[in-house]
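Working notes, beginning with the structure itself.
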Amino acid sequence: MTTLDDAVPQLRKVLLAEDHPTMRALLAEALRDAGYDVVEVQDGDALWGQVSAGLEDDDNPREPDLIVSDINMPRQSGLEVLARLRQGAAMTPVILITAFSDEATRSLASRFGAALVLDKPFTINTLVSAAVALVSPG
């Protein structure tokens, strides 16, 4: 039997990790405007907490469809979270953002399976286009 909840499309869930509040708010607003359900976190530990609790959360029991994470954050870097994610065999697409990109960072990101590394400054349209290319909003 089909219920009303089945008929309403569910927005794609994006976890957004950025330690700078203004940048996080700007990116979250752009992703929400593009049609995503955005969960914002301020550091790598909070990001990992959200990822690891994805299926255990009674209020929103689903894993993220996309992760957008700054690389350089307190507690755990975006690269560390990505490595842990891949160790658990999760294939959630990950977009990493950084102001400190170098060839070693890009190489690690590629080895850990990042879908894309965006260098700051980047345009909001670049991020939204990348998100849409990886996971349509729903």
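The values are calculated or read from the model by the stated rules, or taken from the named source; none is laboratory data. Just so you know, these numbers come straight off a predicted model, no measurement behind them. FYI the Cβ positions are ideal-geometry reconstructions off the backbone, even for glycines, and counts take in every protein chain you see.
Of the numbered criteria (1) modelled with pLDDT under 90; (2) part of a loop (DSSP other than H, G, I, E, B), the one V51 fails is (2). Determine if segment 5-25 includes at least one residue that is modelled with pLDDT under 95 and in a strand (DSSP E or B). There is at least one residue in segment 5-25 that is modelled with pLDDT under 95 and in a strand (DSSP E or B). Mind checking which pairs have a first residue in segment 19-37 that is touching a residue at least 40 places away in the same chain (Cβ under 8 Å) and a second that is surrounded by 18 or more Cβ atoms within 10 Å (Cβ to Cβ) and of a type in the set (D, E, K, R), Cβ under 6 Å, 6 or more apart or different chains? Partner pairs satisfying both residue conditions: D19/D43; Y36/R12.
Kindly indicate which of A104, A89, A131 is without any contact (Cβ under 8 Å) to a residue 40 or more places away in the chain, not charged (D, E, K, R) and not in a loop (DSSP other than H, G, I, E, B).
Details: A89 fails: not in a loop (DSSP other than H, G, I, E, B); A131 fails: without any contact (Cβ under 8 Å) to a residue 40 or more places away in the chain.
It is A104.
Restricting attention to segment 107-128, the residues that are basic (K, R) and in a loop (DSSP other than H, G, I, E, B) add up to 1.
If you check A115, A99, which single one turns out to be loosely packed, with under 15 Cβ neighbours inside 10 Å and free of Cβ contacts under 8 Å to residues at least 40 places away in the same chain?
Numbers: A115 fails: loosely packed, with under 15 Cβ neighbours inside 10 Å.
After applying the criteria, what remains is A99.
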